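Following: one structure in structure tokens, then a few remarks.
The values are calculated or read from the model by the stated rules, or taken from the named source; none is laboratory data. What you see is a predicted model; the values in this text were computed from it and never measured. Here the Cβ positions follow ideal geometry from the backbone for every residue, glycine too, while neighbour counts run over all protein chains shown. Areas reflect the complete protein model, heavy atoms only, side chains present, ligands, DNA and RNA absent. Shrake-Rupley method; radii C 1.70, N 1.55, O 1.52, S 1.80 Å.
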Amino acid sequence: MTIEQQKMQWLLSDPDTVRFRDEQLLAETEFVYHQHDFGQLLYVISGVMDLEAGGERFLAPPEFSVWIPKNVGHASYNKKTLSFKVLDIAPSWCEGLLDKPCLIQLSAIFSTIFSDFFYRGVCKPQTEEDFRLAQVLIDQLKASPMHHTYLPSSKDKLLAPILSVLEQDPANNTSLEEWAKKRYTSERTLSRRCQQELGMSFSEWRKRLRFLHAISLLEQGKSVNEIAFDVGYSSSSSFIAMFQQFAGTTPERFRRLPNC
């Protein structure tokens, strides 16, 4: 058995408690549809994770995690380079955790303990102290805010074509009123569909899309002025204000943030 085969066998085997590992994927990398008998938390470090789990699509920017319960099929295709950390959780440790995939914004306590395990190179807890820390991780995971998705999608006949165009061209500044005319409907109807289908306003959805796109452009080394234009802003100050709203910091500071 080769080293790669041994590694794959280890990854697919059930963890006894919890298991920690790093993953880095190159651009245009695909994980085919699969499932496993243990829970899995995917914590994004850099890039944007694009994953389908349980028949739903999830987009996760840095500092968000995707939770995949045991026996839930999932697959991913990432256009850009992606770095993330994985927490595999044994079935016996999954009790009390959500039984549906979702996005989780992890607490500061979770992030600190999680980073400590990786800093010390611990693949799975061996000492009594690390077992206690691992249990705190699970407790914090249960208490962390959960989100259905970061950037919802829709199959609605009015909304779906609009969202598809915007995903291909985040700089598109067509207003909701203009979209309504193109779709032969009213702005009020489209606004109501956004709240019903997406759980947010049209402007909020578009800002989230632009934020995700901006992260990828920052990692490509583009200047803030270039990125502002590429995602549809006429001034860098407007773009920076939007970015700060979502990331809690400016684009340049975000670019310089160290990995966990």
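Taking GluC sites (Glu not before Pro) as exposed when DSSP calls them loop (any state but H, G, I, E, B) and at most 13 other Cβ atoms lie within 10 Å, what is the longest stretch of the chain free of them, the sites themselves excluded?
96-260
Of all the C-alpha pairs in the stretch 23-119, what % are more than 17 Å from each other? Write out the running numbers ahead of the final one.
Details: 2275 of 4656 pairs.
Distances greater than 17 Å cover 49 percent of the Cα pairs.
If you find the alpha carbon centre of the stretch 150-167 and of the stretch 188-260, how far apart are they in angstrom?
17 Å
Please report, in whole Å, how far the alpha carbons of the stretch 62-124 spread along each principal axis, starting with the longest.
Each principal axis gives a Cα extent; for the stretch 62-124 these are 35, 31, 21 Å.
Under 13 Å from the 7 Å Cα→Cβ point of Phe118, by amide nitrogen: which residues of the stretch 64-93?
From the stretch 64-93, the list is 64-66, 82-88.
Find the all-direction average of the projected area of the Cα convex hull for the stretch 157-260, expressing the result in square nanometres with one decimal place.
Numbers: hull surface 28.6 nm².
Spelled out: convex hull of the Cα atoms, projected over all directions, averaged, 7.1 nm².
Provide Rg and Dmax in Å for the stretch 92-190, with only Cα atoms included in the calculation.
Here Rg and the maximum Cα pair distance are 21.7, 65 Å.
List the aspartates and glutamates whose Cα sits under 13 Å from the Cα of Lys70, skipping any in the same chain fewer than 8 residues away.
Asp14, Asp37, Asp88, Glu95, Asp99
Tally up the carbon and sulfur contribution to the accessible surface of the chain as a whole percent, 1.4 Å probe, everything protein left in place. Mind dumping the intermediate values first?
Working: 6910 of 13760 Å².
Percent of accessible area from carbon and sulfur atoms in the chain: 50.
Can you give the helix-only mean residue ellipticity at 222 nm for the chain, where every DSSP H stretch with n ≥ 4 adds -39500 (n - 2.57) and the sum goes over all residues, rounded to the nearest 500 deg cm²/dmol? Don't skip to the answer; put the middle values down first.
On the way: 10 runs with 110 residues, N = 260.
Roughly -13000 deg cm²/dmol at 222 nm, from the helical runs in the chain.
Leaving out ligands and nucleic acids, note down the accessible area per residue over the stretch 61-192 with a 1.4 angstrom probe, in whole Å². Mind showing how you got there, number by number?
Values: 6840 Å² over 132 residues.
That works out to 52 Å² for each residue.
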